[in-house]
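Nothing in this text is a laboratory measurement; each read-out follows from the coordinates by a stated rule. Just so it is clear, the structure is predicted and the values come from calculations on it, not from any experiment. Counting neighbours? That spans all protein chains shown, and the Cβs are built from the backbone with ideal geometry, glycine included.
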Amino acid sequence: MAAESYRGESFVSWLKRTFKAPTYRNISDDEPSRSVRRIVIRTEIDLKKAHAGRVAALWIAITFAAALVALVLLENLKLLTLDSWLHLLLVSVAAAAILGAVLLALIFSWNCATIRENLALMREFYNERVADELGVAEQEDDELKLLKVRHQYRESASVVIDEYRQQAAKYKRRHDRFQTITIIGSVVTSAITTASVSFSLFRVAAIVISLVVGIATGINGYYKFRERSFNLQQASDSVEREYNSVQLRVGKYAHCSDEADAYRFFCQQVEMIRDEQAKRQQQLEQPVETKKE
């Protein structure tokens, strides 16, 4: 959901533009169904981004809340002794982070509700446009109408390719970030632990960094960002290969008898790729105990 800043734009205006719900242009009544379908798909992507932002904000709030609870427990158990100013500083930072994350979660939740409303209207309009176009062409034979639908399906495949690649890049960035936190945090913790023998402040830093490293490692292992990125990139490359091959009549499509046969085979192949990607996604979301059984 993050937006790039424009030259001369103030920070406040950047925040407003970043976290406001996306607005969509009015669709004219004579808009072709192919264009409406692309808008629908991009709106679905916006909805996924808003949902991901809400989940990330909630995780940030939970993480800082857990750190705050751990700090209080350690002090009550006499395992950690802090100066009053340091205690107040850590509690204030954690409380501010929790409030900010909760506020972001509420903003993203409002965005999700707005996008869902727009998406429902767009889907309804898309169905009406498809029905109108088929009604105009009802004098044509079934084969020609089916070929037109498959042509539209191929055009929408380009949006699917972009969506897969955007999601693959997103998961790869997440994996790299958490992996970097784990590596740097592990090295820094070892160094700080050695210095904590003489300075109590370093003991607090070692505990906090160890907690962050543990959380980052757990999130990276549980959500399997690297595997998700690999599967999405593989599916994107496969769909793109089919997308280009059917147009050039090469590879599997070189021996197709006519255009209708080639596009029929193309739709079949793309649906197979998307089905395999959905199955791989479901396997990643299954708990480890379920896989063992």
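In order along the range 260-267, the phi-based Karplus estimate (6.51 cos²θ - 1.76 cosθ + 1.60, θ = phi - 60°) of 3J(HN,Hα) comes to 4, 5, 5, 6, 5, 5, 4, 4 Hz; Gly and Pro are listed as x. Sorting the segments 251-260, 214-223, 153-162 by their mean number of nearby beta carbons within 10 angstrom, highest to lowest, gives 153-162, 214-223, 251-260. Computed from the C-beta positions of His51 and Leu86, the FRET efficiency with R₀ = 35 Å rounds to 0.40. Extension gain, Phe202-Val69: 0.36 nm per intervening residue step, less the Cα-Cα distance, totals 45.9 nm.
Checking the cross-link pairs Lys49/Lys145; Lys48/Lys252; Lys48/Lys148; Lys145/Lys170 against a 32 Å limit on the alpha carbon distance flags Lys49/Lys145; Lys48/Lys252; Lys145/Lys170 as lying beyond it.
Using the Cβ of Ala216 as centre and a radius below 12 Å, the other residues enclosed give a net charge of +1, where K and R count +1 and D and E count -1. Here the Karplus relation 6.51 cos²θ - 1.76 cosθ + 1.60, evaluated at θ = phi - 60°, turns the backbone of the range 111-127 into coupling constants of 4, 4, 5, 5, 5, 4, 4, 5, 5, 4, 5, 5, 5, 5, 5, 4, 4 Hz, with x for every Gly and Pro. In order along the range 237-246, the Karplus-derived 3J(HN,Hα) couplings, from 6.51 cos²θ - 1.76 cosθ + 1.60 at θ = phi - 60°, round to 5, 5, 5, 5, 5, 5, 4, 7, 5, 5 Hz, and Gly and Pro are given as x.
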